[in-house]
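Okay, so here's the structure we're looking at.
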Amino acid sequence: MQSYSHSHYLAITLITTVLLLGSTQAQATEITPASMLANSCAGCHGTDGHSPGAIPAIAGKSTEFIETALKDFRSGNKASTVMERHAKGYTDEEIKLLAEYFASQK
Amino acid sequence: MTTLSRRKFIRLAGAAGASSVLASLGWGLSGCQKSAKKARVVIVGGGFGGATCAKYIRRWDPSIEVTLIERMTTFSTCPFSNAVIGGIRNLNDITHNYNALRQKYGVNVVHGNVIEVDPVKRRVAMEGGMAHDYDRLVISPGIDFRWDAIEGYDEATSATLPHAWKAGTQTQTLRDQLVSMEDGGTVIIVAPPNPFRCPPGPYERASLIAHYLKENKPKSKILILDAKEKFSKQPLFVQGWEKLYPGMIEWVGSNKGGEIVRVDAQAMTVYDKFDTAHKGNVINIIPPQKAASIAHTMGLVNNDGWAPVNQTTFESTQHKDIHIIGDASIAGKMPKSGFAANSQGKVCAAAVVSAINNKTMPPPSYVNTCYSLVSPDYGISVAAVYNIQNGTISTIEGAGGVSPADADDVFRKKEAEYAVGWYQSITSDIFS
Ligand SMILES: Cc1cc2nc3c(=O)[nH]c(=O)nc-3n(C[C@H](O)[C@H](O)[C@H](O)COP(=O)(O)OP(=O)(O)OC[C@H]3O[C@@H](n4cnc5c(N)ncnc54)[C@H](O)[C@@H]3O)c2cc1C
């Protein structure tokens, strides 16, 4: 590590560049109770509710729409295949958190 | 420039091809100095649990350096591998790459085999001499087979009598054997005892093989020899089989001689515990299972061969700062499924990010849904929502359960469509 060859200098330039780029990196976002709940939904509805396939996307739907839908699935007022079985696992308060989380997704 | 550590260089130049530059400089990868980054997390296993965990750590905190070590350069999913075996998908359809994890999330993806971990030096050793230092380690290595459990069946034999319980070459072998089989042949599926990866998997496999045979070789039969006395979604599967494939699938439980103890590969014959012989034209043996070997090497498993963890954080009960998720872990009431591993990957990511930032993690929540295709137009599911009760992952009472027994064709078709939709969503949640 005492003498540097040409390739060392090349590497060092590269490092400096990457260091500068790296310093503009975003910081940690808060892990909220809502995101802990909502991450489970991504298994079927896609990351943050952006479903790429046959399962309805829920990102950006209104809070009221999602909240009402989940409560209606839970009560059986709204017919579903699997959503009734899922919605029964959440309290009113949790449903509100979920609805707000997905409504706030772009 | 002498303060610049080799470790920093390796990490920072990683995206620009560090290994080749390093090789030309003659630098090794061990003996590295302290990181400039907040913390280094190494994840072993780039499947359902590990790849999810990598992505979600970086989403929450991009100042944490994440290195994901995976033996394979592409990942073929077990989910929908039964559809490949049944001829309604091909292997390409279920194979994913690590480009998005690298490029979009800045995960340092390294391909190779982890052979050892030093929990004191906090160093992961790879075959070929490379090493990676960590502040926290996550392992999601999946399962390995108990090759000593069935006499006459070992890894070499599995080349001709495939297990197809890890997707890839084995999946294709079983598919090819079904295609070559004459009409009127018998396909034997040997199903394993609990606990094992994907509880409904063997029965979905029988269903999709039946779908193929019904259309192409209708005189053929499927015999499921089971080490268990009952299985997941049994009434729903049996109802579907009677409706779609009457007389084609026979299931034999362990008390009727379903438990296979010996295999004669040459004679294409399996023997149950009463020494009754069953001859097949294609034989799929799904052996008893245990946590993948690296979990054993690291001393993370109990006497049953699975890894006990704190079920809120997935930290090993044996080693501090080492987390285990997915099939290899003991995760309360959750089954060994890809959905569960994905769910656990996110909870574990939250636990790791919270610990590194000295924060308290909000209460975890977990979900599982396992869809099975009885035919391409006939889907069934089992679901559950979980939380922590008395320190273990427990089902929330009143929620979850299986598809209704009296559902009509429209309902079953909808669930088949959702099975496909689920696959697209979960693989995008992991790999894109
Ligand atoms: C036929 C079949 C059908 C299935 N269908 C479904 C389904 O429909 N839905 C569902 O939810 N689940 C399904 N599953 C279950 C699902 O595949 C597993 O539960 C899931 O893959 C577990 O995730 P994991 O992260 O624990 O392991 P894996 O996804 O297997 O990932 C482990 C990774 O670690 C790597 N690895 C292991 N050891 C090392 C090492 N020492 N060094 C480097 N890399 C290493 C492996 O190469 C592998 O890529 C199915 C399984 C089968 C067999």
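Some notes on this structure:
- Residues with amide H under 5 Å from that of B:Val190, placed H, sequence gap 5 or more: B:Leu225, B:Asn284, B:Ile285, B:Ile286
- Rounded to whole Hz, the Karplus (6.51, -1.76, 1.60) HN-Hα couplings of region B:148-164, x for glycine and proline: 8, 7, 10, 4, x, 10, 9, 4, 5, 4, 5, 5, 9, 10, x, 8, 6
- Computed [θ] at 222 nm, helices only, for chain B once each DSSP H run of length n ≥ 4 contributes -39500 (n - 2.57): -9000 deg cm²/dmol
- Contour minus Cα-Cα distance for B:His111 and B:Lys230 (0.36 nm per residue): 38.9 nm
- Of B:Pro287, B:Pro193, B:Pro141, the residue with the greatest mean-square motion in the GNM of chain B, using alpha carbon springs below 10 Å, is B:Pro193.
- In this structure the protein assembly as shown gives 42 Å² per residue of accessible area when probed at 1.4 Å with all protein chains present.
- Projected-area average for chain B over all orientations - Cα convex hull basis, square nanometres: 22.0
- Fully extended contour minus Cα-Cα distance, from B:Thr160 to B:Asn387, at 0.36 nm per residue: 77.4 nm
- Residues whose placed amide H lies under 5 Å from that of B:Gly142, excluding near-sequence neighbours: B:Ala292, B:Asp327, B:Ala328
- Candidate aspartates and glutamates for bridging to B:Lys228, where Cα separation is under 14 Å - those fewer than 8 sequence places away on the same chain excluded: B:Glu259, B:Asp272
- Out of every Cα-Cα pair that region B:211-305 contains, those further apart than 15 angstrom amount to 70 percent.
- Flagged links, alpha-carbon separation over 23 Å, of B:Lys37/B:Lys359; B:Lys121/B:Lys333; A:Lys78/B:Lys413: B:Lys121/B:Lys333
- Protection proxy ranking of B:125-137, B:88-100 - average other beta-carbon atoms within 10 Å, highest first: B:125-137, B:88-100
- Highest mobility in the GNM of chain B, judged by mean-square fluctuation with C-alpha springs under 10 Å and restricted to B:Gly185, B:Gly421, B:Gly86, is found for B:Gly421.
- DSSP bridge orientation in chain B - percent antiparallel, rounded to nearest 5: 50
- Between region B:356-432 and region B:278-297, the C-alpha centres lie 26 angstrom from each other.
- Residue list for region B:172-212, given a label point 7 angstrom along the Cα-to-Cβ vector of B:Lys273 and an amide N cut-off under 13 Å: B:193-194
- Average partner coverage of A:33-39, which counts Cβ from other chains inside 10 Å: 6
- Computed over the alpha-carbon pairs of region B:147-287, the distance histogram in 10 Å steps reads 12, 46, 37, 5 percent, short to long.
- Mean-position separation - Cα centroids, region B:186-212 and region B:51-85, in angstrom: 25
- For peptide B:356-368, the mean count of partner chain Cβ atoms within 10 Å of a residue's Cβ comes to 4.
- Set of region A:91-106 residues, backbone N closer than 15 Å to the point 7 Å along the Cα-Cβ line of A:Glu64: A:100, A:103
- Top positive-direction residue, dipole computed over region A:31-104 with Cβ charges, set A:Ala42, A:Thr63, A:Ala99: A:Ala42
- Projected label points at B:Asp321 and B:Val410, each 7 Å from Cα along the beta carbon direction, are separated by 5.9 nanometres.
- Rounded to 10°, Cα long-axis angle of helix B:409-431 versus longest principal axis of chain B: 20
- The Cα atoms of the protein assembly as shown define a convex hull whose projected area, averaged across directions, is 25.7 nm².
The values are calculated or read from the model by the stated rules, or taken from the named source; none is laboratory data. Since this is a predicted model, take the numbers as computed values, not measurements. Note that each Cβ is placed from the backbone with ideal geometry, even for glycine, and that neighbours are counted across all protein chains shown. Accessible surface is based on the protein model in full, side chains and every heavy atom, while ligands, DNA and RNA are left aside. Shrake-Rupley method; radii C 1.70, N 1.55, O 1.52, S 1.80 Å.
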